[in-house]
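**Student:** I'd like to ask you about the structure that follows.
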Amino acid sequence: MNTKANKFLKTRLTLFGLLFNALFIFPALAEKGWIATSVEVVEITNTGSNGKNFTVKVSGGDNNYPCENGQITFPLANAGNTGNDIHIHNRAFSMALTALTTGSKVSIFSYEDNSVCNRAAHIKIVKP
């Protein structure tokens, strides 16, 4: 092979490697974890953008988590080990509604990515 062809091939392989890492390696770095703790539910909607999800608006917390004092979405696709578990999703909605009506604080967890507020799945009510 001539030098030009080698250089072209190396450039293509390098670009492919970068693209592969961006698509498959870096997204795996997202971690599960708490996205809000000891927050008050101040608003709840039965759907967000007419999708299979519900949203809560929360306030308070200790500012150690990314979704405190903001809106958090619970997609049906994130409920349960394989997703789309309507029973787990309905229980999360019921718990959010209970927290809203009783004034109890909640902590909210994402099993997918604790750096964003649109993939919540777990909610825990904390006695005031």
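The values are calculated or read from the model by the stated rules, or taken from the named source; none is laboratory data. Source: prediction; values computed, not measured. Note: ideal-geometry Cβ built from the backbone for every residue, glycine included; neighbour counts use all protein chains shown.
**Student:** If Glu68 meets every condition in (1) in contact (Cβ under 8 Å) with a residue 40 or more places away in the chain; (2) surrounded by 17 or more Cβ atoms within 10 Å (Cβ to Cβ) apart from one, which number is that one?
**Tutor:** Glu68 satisfies every listed condition except (1).
**Student:** In segment 90-102, is there at least one residue being hydroxyl-bearing (Ser, Thr, Tyr) and surrounded by 20 or more Cβ atoms within 10 Å (Cβ to Cβ)? Explain how you work it out, then say what you get.
**Tutor:** The first filter runs over segment 90-102 and keeps only residues hydroxyl-bearing (Ser, Thr, Tyr), leaving 94, 98, 101-102.
Checking the rest, the ones that are also surrounded by 20 or more Cβ atoms within 10 Å (Cβ to Cβ) come to none.
Within segment 90-102 (the criterion being hydroxyl-bearing (Ser, Thr, Tyr) and surrounded by 20 or more Cβ atoms within 10 Å (Cβ to Cβ)), the answer is no, since none of the residues qualifies.
**Student:** Oh, and also: Got a sec? Which of Thr101, Thr73 is more than 17 Å from Ile35 (Cβ to Cβ) and hydroxyl-bearing (Ser, Thr, Tyr)?
**Tutor:** Details: Thr73 fails: more than 17 Å from Ile35 (Cβ to Cβ).
After ruling out the rest, the residue left standing is Thr101.
**Student:** Which pairs do you get when a residue that is over 15 Å from Ala99 (Cα atoms), found in segment 45-63, comes within reach of a residue that is not hydrophobic (A, V, I, L, M, F, W, C), reach meaning Cβ atoms under 6 angstrom, with the pair 6+ apart or on two chains?
**Tutor:** Gly48/Thr55; Gly48/Thr73; Asn53/Thr73; Asn53/Pro75
**Student:** Here is a follow-up. Does segment 23-30 contain any residue that is exposed (fewer than 11 other Cβ atoms within 10 Å of the Cβ), modelled with pLDDT under 95 and among the aromatic types (Phe, Trp, Tyr)? Break it down stepwise before answering.
**Tutor:** Kept after step one, since they are exposed (fewer than 11 other Cβ atoms within 10 Å of the Cβ), are these residues of segment 23-30: 23-29.
The next check asks that each one be modelled with pLDDT under 95; those that pass are 23-29.
Still in the list and also among the aromatic types (Phe, Trp, Tyr): 24, 26.
The answer is yes, given that some residue of segment 23-30 is exposed (fewer than 11 other Cβ atoms within 10 Å of the Cβ), modelled with pLDDT under 95 and among the aromatic types (Phe, Trp, Tyr).
**Student:** For Lys57, work out the one condition from (1) surrounded by 14 or more Cβ atoms within 10 Å (Cβ to Cβ); (2) within 19 Å of Pro128 (Cα to Cα); (3) of a type in the set (D, E, K, R); (4) at pLDDT below 95 it doesn't fulfil.
**Tutor:** Of (1) surrounded by 14 or more Cβ atoms within 10 Å (Cβ to Cβ); (2) within 19 Å of Pro128 (Cα to Cα); (3) of a type in the set (D, E, K, R); (4) at pLDDT below 95, only one is false for Lys57: (4).
**Student:** Then there is this: For segment 108-118, give me the residue count where each residue is closer than 14 Å to Lys57 by Cα and either of a type outside the set (A, V, I, L, M, F, W, C) or outside any loop (DSSP other than H, G, I, E, B) (or both).
**Tutor:** Qualifying residue count for the region: 2.
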